[in-house]
Amino acid sequence: MVAGQFVHTGARVVLWMDPGGYDAYRVERRFSLLDKADWETSHTEVKDLDMPNRYNLRRHGLTDEEIERVRGGGWDLPLLQRVVDQFVIHYDVCGTSRQCFKVLHDLRDLSVHFMLDLDGTIYQTLDVKERAWHATSSNSRSVGIEIANMGAYGVNGKNPFEQWYAKEPNCQTRITIPPQLGDGGIRTKGFIGRPARPEPVTGIVQGRELIQYDYTPEQYEALIKLTAALCKALPKIKCDYPRDATGKLILQKLPEAELEACQGIIGHFHIQTNKVDPGPAFQWDHVVAKARKLLKGGMSPPADETSKGHMRAR
């Protein structure tokens with residue numbers, strides 16, 4: 001949903017108002033005991049919960065008159081198209097979207113517009129018009145997504161891979177959700193997740209040599225469709241990533257002037273020096289090339305209110 005309008009993605013998107021969705025508009029904790037979920041109890045029990053709302057109003061680039069208009073929810077698509085120009089890619093280091101929402105909403109006072117689970121299910125927790133809290137200085141101008149993945153680690157350091165990945169007799173790698181997380185809340189019953197590449201990937205991000213397992217093919221397929229849809233609905237988000245003078249992906253934080261000028265798809269590491277997500281395994285060229293192909297093939301524009309019922313993919 002973009003400024004109250006349903007946008008066709010071609011992927012399965014579960015909204016915050018849908019059964020099984022995750023609602024970042026609510027002030028209550030989602031996974032605490034019900035009689036302790038209210039804000040007063042939550043604020044007392046969890047030291048990092050300072051604000052009942054985990055999001056706020058986009059103000060950057062708006063006049064005082066426009067702020068007064070939108071503060072009650074009165075965003076229109078053209079205005080949002082003027083102010084949103086970045087799509088920020090994160091990995092969640094939680095392994096599943098259910099656990100990600102628990103950490104963001106119940107424990108850390110943070111939010112993100114989209115979460116992408118292992119099976120390719122996309123969860124939207126807020127309308128894109130909201131200023132989600134996920135990327136510090138880029139919050140006011142960006143859309144964010146947390147992709148279920150256990151993250152990247154120093155090649156000689158500790159990592160959780162033994163708990164989360166297992167080799168099968170056919171040399172494929174299977175994702176093994178730890179028993180304490182149950183079925184992980186995966187929407188596709190009986191889903192067996194496998195990284196797109198069976199072996200962990202090494203690479204340099206922020207000058208550090210890191211190792212990471214790749215995302216699942218289902219995640220890539222859904223992300224490509226969502227990326228194309230966002231670039232279509234919000235055309236200031238260019239379907240490209242930050243490149244150096246040779247055309248290669250920049251693998252470190254962008255200087256402030258370059259970050260300010262950047263319009264497109266970026267990693268969390270492009271914004272902050274202490275972040276390395278989406279990590280060395282993320283296939284930037286694959287996502288961008290496939291999303292561009294969808295855009296060139298033509299995509300449906302945002303639906304008006306009369307047609308929204310059939311625009312949401314299931």
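Condition test on Gly185, is it of a type in the set (Gly, Ala, Ser) and more than 20 Å from the chain's Cα centre (by Cα)?
no
Taking segment 103-113, which residues are open to solvent by less than 10 Å² (accessible area, probe 1.4 Å) and of a type in the set (A, V, I, L, M, F, W, C)?
Val112
Among the numbered criteria (1) out of contact with any strand residue (DSSP E or B) (no Cβ under 6 Å at 6 or more places or on another chain); (2) charged (D, E, K, R); (3) open to solvent by 30 Å² or more (accessible area, probe 1.4 Å), which one does Asp127 miss?
(3)
How many residues does segment 250-283 contain that are of a type in the set (A, V, I, L, M, F, W, C) and closer than 21 Å to Val155 by Cα?
Total satisfying the criteria: 6.
Could you list, in sequence order, the residues of segment 16-75 that are open to solvent by less than 80 Å² (accessible area, probe 1.4 Å), out of contact with any Asp or Glu (no Cβ under 9 Å at 6 or more places or on another chain) and more than 26 Å from Ser138 (Cβ to Cβ)?
Asp18, Gly20
Residue-wise test of (1) hydroxyl-bearing (Ser, Thr, Tyr); (2) modelled with pLDDT under 95.
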residue	(1), (2)
Lys102	no, no
Thr121	yes, no
Gln124	no, no
Ile145	no, no
Gly154	no, no
Asn159	no, no
Asn170	no, yes
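If the requirement is being among the basic types (Lys, Arg) and modelled with pLDDT under 95, which of these qualifies: Lys308, Lys253, Lys293, Lys275?
Lys308
Given (1) open to solvent by 40 Å² or more (accessible area, probe 1.4 Å); (2) at pLDDT below 95; (3) touching a Ser or Thr at 6+ places or on another chain (Cβ under 8 Å), identify the lone condition not met by Gly298.
(3)
Which of the strands (runs of 3 or more DSSP E) found entirely inside segment 192-288 contain at least 1 residues meeting this: over 22 Å from Pro160 (Cβ atoms) and open to solvent by 10 Å² or more (accessible area, probe 1.4 Å)?
Because the criterion is at least 1 residues that are over 22 Å from Pro160 (Cβ atoms) and open to solvent by 10 Å² or more (accessible area, probe 1.4 Å), no strands (runs of 3 or more DSSP E) in segment 192-288 meet it.
Name every residue in segment 81-95 that is over 10 Å from the mean Cα position of the chain (by Cα) and either buried (at least 24 other Cβ atoms within 10 Å of the Cβ) or basic (Lys, Arg) (or both), in order of residue number.
Arg82, Val84, Gln86, Gly95
The values are calculated or read from the model by the stated rules, or taken from the named source; none is laboratory data. Since the model is a prediction, treat every value here as computed from it, not as a measurement. Neighbour counts run over all protein chains shown; Cβ positions are idealised from the backbone, glycine included. For the accessible areas, the whole protein counts, side chains as well, though only heavy atoms, and no ligand, DNA or RNA atoms are used. Shrake-Rupley method; radii C 1.70, N 1.55, O 1.52, S 1.80 Å.
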